[in-house]
Amino acid sequence: MKMSEFAKRRQRLLHMLGPGSIAILPAAPERIRSRDVEHPYRADSDFFYLTGFPEPEAVVVLIPGRKQGQFVLFCRERDPEMETWNGRRAGLEGAMERFGADDAFPISDIDDILPGLMENKARVYYSMGTHPDLDQHMIEWLNQVRKKARSGVHAPGEFVSLDHLLHEMRLIKSAAEIQKMKKAAKVSAKAHCRAMQLCQPGLMEYQLEAELLHYFMVNGCRHAAYPAIVGGGENGCILHYTENESELQGGDLVLIDAGGEYDNYAADITRTFPVNGKFNPAQKALYEIVLAAQHAAIDKVQPGNHWDEPHKAAVKVLTKGLIKLGLLKGTPAKLIKEEAYRRFYMHRTGHWLGMDVHDVGDYKLDGEWRLFEPGMVLTVEPGLYIAPGSKGVAKKWWGIGIRIEDDVRVTRSGHEVLSSGVPKEVDEIEALMAREKRVAKKKVVKKKY
Ligand code: GLY
Ligand code: MN
Ligand code: MN
């Protein structure tokens, strides 16, 4: 992302904050995986959205109208020895030259400097409770300013969460953001194709996961956007299954929910397909219902429609389909009202997508579902999950878990499916898997560990 994009975002936010205010936002902390090994560092999306600054131990401060500059960054100083051990740092100079900060201070001096920046401000934009380490400092800084009352210094009286303003900005994607999301979705769709092509009975679920991760990285997505779900057979009925440690069985479906992250923007795609390349009649019957529900839901993604319309469309198709197959009994209207479908469809049909996989932005405004607007990106992901041993359900349906998930951008005239590069129609999936069996059978490396 170009630095000018970050500068534009700060300008917009500074304008909204208005005079007499100060906004304070910390970088994400590093997190321990175990003992002295850390998880790979991922910047906090809010912080990165405004700065493009990729290091931990930093705090951005935005002060509308500040004469010496409105964009202040606290960060680590250069330190040759620490950098030899732990990696490069931008330092104060880098913060100003490369990241466009007007002023940069050592993070170690923040307790001395920040109270001064808060003096005579009416309002502090800070999301209390989100950063427990910083909350305590914030109270101390405020009390320091209050102590100066007799010298005529005003302490801020208003604390406002920054989330609302910032998240409304993040919800509507710019052209540059859409480009990143298109790339993430395109690479991820191809990764799913690769998984379909390489799938065969006897592979471990994590071996398919490995193929996805391999394709992400080879094609520019340095990280997955979230831990991949590769669930064979009844594992597909566990919504957040991430163990991925079972062997894939011929005759089962496999549900893969995986997306790459490109330049901090996520894709989130699910496909469900037969391990051996051919749907059996029961799998196909359920799959066609989920697919029809997904088509109906995607059709509702139009500017002016409201957030709940895709979900309602999906629920209608799913309920009617379940009645037709004998999995629900009653009239559609009554079953929908009673939410009878929730036994087999227990989640909603999507969420906002962006820098975070479950991205920010309100779903309701003033108590009403919000309307779709161009620049929003969401997932559409209906599913059906028939738990093994389901009472009153014929055995042939047991353990079938299906979800189909695409990434959809709202355009001025309708929508665009960003993840259309991976098939989802039954005949397309079977054709892709059959072609691959003919063409590349010898290339498949089946390893047991
Ligand atoms: N991958 C998480 C979700 O689909 O919401
Ligand atoms: Mn999703
Ligand atoms: Mn997903």
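Bear in mind these aren't lab numbers, they're just calculated from the coordinates by the rules spelled out. Please read these numbers as outputs of a predicted model, since none were measured by experiment. Neighbour counts are summed over all protein chains in view; Cβ atoms, including those assigned to glycine, are modelled from backbone coordinates with ideal geometry.
Based on the alpha-carbon gyration tensor of segment 80-178 and its eigenvalue square roots a ≥ b ≥ c, which shape applies: rounded if a/c is under 1.5, prolate if not and a/b is larger than b/c, or oblate? Since a/c reaches 1.5 but b/c is at least a/b, the shape of segment 80-178 is classed as oblate. Plainly put, the chain has a radius of gyration that is 1.04 times its Kirkwood radius, both from alpha-carbon atoms, as the Rg/Rh ratio.
Give me log10 I(q)/I(0) at q = 0.10, 0.22 Å⁻¹ for segment 1-98, Debye formula, one equal scatterer per alpha-carbon, no solvent. Listed by q, the Debye log ratios stand at -0.31, -1.21. With 28 Å as the limit on Cα-Cα distance, the pairs of LYS121/LYS364; LYS182/LYS324; LYS278/LYS396 that go past it are LYS121/LYS364; LYS182/LYS324. Sorting 267-275, 141-149, 58-66 by average packing, meaning the other beta carbons within 10 Å per residue, from highest down gives 267-275, 58-66, 141-149. Compared with the dominant principal axis of the Cα atoms in the chain, helix 132-146 is inclined by about 20°.
Within segment 51-111, the percentage of alpha carbon pairs spaced more than 14 angstrom apart rounds to 52%. Between THR130 and SER34, residue separation times 0.36 nm minus the direct Cα-Cα distance comes to 32.2 nm.
Of the chymotrypsin sites (Phe, Trp or Tyr not before Pro) found in segment 37-99, those in coil by DSSP whose Cβ has at most 15 other Cβ atoms within 10 Å are TYR41. Residue-normalised convex hull volume from the C-alpha trace of segment 272-416: 128 Å³ per residue. Here the contact order of the chain, divided by its residue count and restricted to Cα pairs under 8 Å and six or more residues apart, works out to 13 percent. Sorting 329-340, 27-38 by their mean Cβ neighbour count within 10 Å, with the most densely packed peptide first, gives 329-340, 27-38. For segment 242-296, what does the alpha-carbon gyration tensor say about shape, rounded, prolate or oblate, given a ≥ b ≥ c as the root eigenvalues, a/c under 1.5 as rounded, and a/b over b/c as prolate? In terms of gyration-tensor shape, oblate.
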